[in-house]
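The values are calculated or read from the model by the stated rules, or taken from the named source; none is laboratory data. These figures come from a predicted structure and were not determined experimentally. Positions of Cβ are backbone-derived with ideal geometry, glycine not excepted, and every protein chain shown enters the neighbour counts. Ligands, DNA and RNA are excluded from the accessible area calculation, which covers all protein heavy atoms including side chains. Shrake-Rupley method; radii C 1.70, N 1.55, O 1.52, S 1.80 Å.
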Amino acid sequence: MSSKTFCQSVMSKLVVLNLGTGDLHKGFPDVTVQLGLTNDPYAMEFRGSLPAAPEISQIYRNWQILYSALYRRYGWWIRLEIEDSDRTNFSEVEFNDLCQQLSSKINIWLNSDRFRKIDQKLRTQLNPHEEICFIIATSDNLLRRLPWHLWNFFDDYPNAEVALSPLEPQRPNKVYNQEKIKILAIFGNHQGIDISKDKYLLESLSNQAQINFLIEPQRKDLSNELWSKGWNILFFAGHSSSQKRGVLQINQTTTITLDNLKYGLKKAIENGLHLAIFNSCDGLGLAEALEDLHIPQVIVMREPIPDLVAQEFLKHFLGEFSSGQSLYSALREARKRLEGIEDEYPCATWLPVICQNPLTAPMTWQLHRKMFTTKRILVILLTSLLVTSLVIGVRYWGYLQTSELQAFDHFMQLRSHFVTEKPDERILIITIDEADIQYQINKGMQMRWSLSDQALAQLLEKLNKYQPRTIGLDIYRDGIVNPNLTTRFQKDNRLFFVCKVATTDDDGDSDGIPPPSKVSRERLSFSDFVADNEDIARRQLLHLTPVPTSLCTTEYAFNLQLALHYLDKEGKTSSVTKSGYLQIGDIVFEQLNEHTSGYQKVDASGYQILLNYRSLSSVEKIAEQVSLRDVLDEKIPLESIQLLKDRIVMIGLSAPTNTNDYWKTPFSSDAKLKQKQIPGVFVQAQMLSQILSAVLDRRSLLWWWSGWMEALWIWGWSLLGGITAWYYSKPLHLGLAVIITLLTVFGLCFGIFALAGWVPFIPSVLALLTTQVMVILWFRRSQLRKIKQLNFDRD
């Protein structure tokens, strides 16, 4: 047998036990076992042998006689006229003992020394938890009738199921999948048996399949239907037997063999017939006839079957198979469910068996049920629309803002690990730390907080010869100022100062902090930030209108004033677009509003934009830094002095004990960066750099979609969640699909963020998962309704 055989799913294991041409009387000298994953062309092969076991043959013959006699004694409705037997004087205990003997002899035979190595190798390679298709390849009629599932091997591998196959299978001609599964259901002569339940069970599938019922048809009608195109399943209920390689009583007067329908059956197989189900007695002869026509799969009963057993099997099999279980899994579960009625119907679990062409994949109802139907389309569409509406509503009222901002921070951190940018060479930061404060004290300077007038005067004098284009003092200088400084403040148009606007917070500065006196209004700016919860600066405030009582009345931000002054000499002027947006050069700075991407129900007063931090190893490395003492002592490296010309020089505090101007950034939670808070001057530098880089370097500002685009994006993921929940019925496959989908949405959102776009991630994930759960619950509820229908009281 070819090693390229395969079974029902990509990850199922396939075992083919080929017994060769031996028999139970002579033994099996050439036994081969092929093992591998389905679709695996490199299956492992083991060789061994099995001894003769003629006692099994005799015990099985005796078992058949008692089994038939049981039917006659209790008058069970059966789907075969059983021949009379001379055995009448026996007990059920004797029958049960015979069953035990048969099971024992089969296990002794398969545990023989000559076969034990094969058994051990199989157990070494197989996992008890995986799906296993175990095919017995033999042409011996008695071997095909044996209850192979009694082998102890299958107790240790509960997800394995036995199938039968011919020794030399052939691949059928190409078959064609249909958009909807099509079943040809034949109900033959049912005299003495009740096939109405079979019909009812099939009718319950009418919403999933197209079913054509033939009730006691004439041979011509049956032949015509076989020649018509597109049957996927052939079902038969009625009287049958294995005599003459398969006999069917298609009506009360006509009995035919499958050879009488050979050409019609062959045409049906070519047109897509995958599976034949004979829910009737003694069907191995029928399977043999169809195997010669190379049908992919046949389900038959090994022996005569009581009416109620046939109905119970069909109920459980159809319920499992149509709900998406594999053919083998569905038959295994249905067969095991018959255990519950074996007190009344002994050996019921011995009867059903699959006859499999190992060169074709077993049919799955899933291949057909996954085609869209109007009802499923409506369910998925309506569910996704409902979930999307709920998610957007919850988002609109701000309940997702915290998680969305956390995702924003994570994307910003992750981007810094993949994208590396250089510091902004147009900016120099002069820092004032604890050592600089001590330096001033040691020099006898009269301290005003962290920067004395003497030190500031010296600093400005030193900077003057370096010819910076713009100087920004990010330190409050309210109150009395040295007269020399006052003159300098008034005349030096490169100097920009900060003040603090009035607030309503109880922070001691409710009226704000005024700017230095007699400084031109054009060179005044506010230092205020807008921070989210936990003082994280993600937004950049460019303009605001101070309250009338504020001591600081300027309307423009410190970083904006520095940028406009610097850019003016680059020929880049500011204006306002028709939409009311700030435009510098040809770059438009789109304003945040109350509902902007992850920001929902946010205070968007003033003119705010998103802050696109540079991707650096540290936020503080936004620009070159020198300390105050190094400038005053002229310890600046020569190369830095040469680069100071036409730069923007920012002067600010970095001493944590002398300022509350410390802020968290999106990087504060990144353990690798180890930056909980940074001085405000570095955040100001990031904001200044954003404006300069956008106008001069075409560095992207953070952008976002309109509300409608975001709604479509969220709905798209919600719809995809519904489709995956519907398409993947097995928990493992669904779990993998969920993981892959989540990784995809994360990858796309991060990829867009790397391109400076902020699109909904948390709402998309929430919509995707919620829709999946709701669709799963809906389908499970539908399956429960179907099972309840299948459990409908037959009386």
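Pulled fully out, how much extra length does the chain show between residue 203 and residue 156, if you take 0.36 nm times their separation in residues and subtract their Cα-Cα distance?
My answer for the length gained is 13.2 nm.
Computed from the C-beta positions of residue 127 and residue 576 and an R0 of 56 Å, the FRET efficiency is 0.20 to the nearest 0.05. Backbone amide hydrogens, once placed in the peptide plane, bring residue 538 within less than 5 Å of 532, excluding anything fewer than 5 places away on its chain. Looking at the range 439-516, the accessible area is 48 square angstrom per residue; that uses a 1.4 Å probe and ignores ligands, DNA and RNA. Of the solvent-accessible surface of the range 394-485, computed with a 1.4 Å probe over protein heavy atoms with every protein chain present, carbon and sulfur atoms account for 53 percent.
Taking only protein heavy atoms into account and a 1.4 Å probe, give the accessible area per residue of the range 282-414 in Å². Could the numbers behind the result be given before it?
On the way: 4300 Å² over 133 residues.
Counting only protein heavy atoms, the per-residue value for the range 282-414 is 32 Å².
Between residue 343 and residue 243, the C-beta separation translates, for a Förster distance of 30 Å, into a calculated FRET efficiency of about 0.45.
Bridgeable lysines around residue 465 (alpha carbons under 17 Å apart, same-chain partners fewer than 8 residues away excluded): 491, 635, 645.
In deg cm²/dmol and to the nearest 500, what is the mean residue ellipticity at 222 nm of the chain if only DSSP H runs of at least 4 residues count, each as -39500 (n - 2.57), divided by the residue total? Mind showing how you got there, number by number?
Working: 24 runs with 312 residues, N = 795.
Calculated from helices alone, the mean residue ellipticity at 222 nm is -12500 deg cm²/dmol.
Applying 0.36 nm per residue to the separation of residue 139 and residue 756 and subtracting their alpha-carbon distance, the gain on full extension is 215.3 nm. Working ranking of peptides 310-316, 192-198 by packing, defined as the average number of other Cβ atoms within 10 Å per residue, highest first, is 310-316, 192-198.
Helix 92-110 against the longest principal axis of the chain: what's the angle in degrees, Cα atoms only, rounded to the nearest 10? Approximately 60 degrees, to the nearest ten.
Would you please give the FRET efficiency between residue 61 and residue 333, computed as 1/(1 + (r/R0)^6) with r the Cβ-Cβ distance and R0 = 30 Å, to the nearest 0.05? Before the final figure, lay out the partial values.
Values: r = 31 Å, r/R0 = 1.03.
Efficiency computed from Cβ-Cβ geometry: 0.45.
Remark: for residue pairs 182/375; 262/336; 500/572; 229/262, the C-alpha separation exceeds 23 Å in 262/336; 500/572.
When N counts the residues of the chain, how does its alpha-carbon radius of gyration compare numerically with 2.2 N^0.38 Å, as a ratio? Could you put the intermediate results ahead of the total?
Values: Rg = 41.5 Å, N = 795, 2.2 N^0.38 = 27.8 Å.
In units of the globular-protein estimate, the chain measures up at 1.49.
Axis angle, to the nearest 10 degrees, between helix 558-568 and the longest C-alpha principal axis of the chain: 80 degrees. With both bridge residues required to lie in the chain, what share of the DSSP beta bridges run antiparallel, to the nearest 5%? So the antiparallel bridges in the chain amount to around 40 percent.
3J(HN,Hα) along the range 62-71, derived from phi through the Karplus expression 6.51 cos²θ - 1.76 cosθ + 1.60 where θ = phi - 60°, amounts to 4, 4, 4, 5, 5, 4, 5, 5, 4, 4 Hz, with x in place of Gly and Pro.
Which shape class, rounded, prolate or oblate, goes with the range 568-624 when its Cα gyration tensor gives a ≥ b ≥ c as root eigenvalues, a/c under 1.5 marks rounded, and past that a/b bigger than b/c marks prolate?
Working: a/c = 2.90, a/b = 1.06, b/c = 2.73.
It is oblate, given that a/c is not under 1.5 and a/b is not larger than b/c.
A crude spin-label estimate for the pair residue 587 and residue 170, with each label 7 Å from Cα along the Cβ direction, gives 7.5 nm.
In the chain, a dipole from Cβ-located charges (positive for Lys and Arg, negative for Asp and Glu) runs towards its positive end, and of 412, 552, 34 it is 34 whose Cα lies farthest in that direction.
Going from most exposed to least, what order do 448, 469 have by accessible area with a 1.4 Å probe?
Values: 448 45, 469 20 Å².
Result, largest first: 448, 469.
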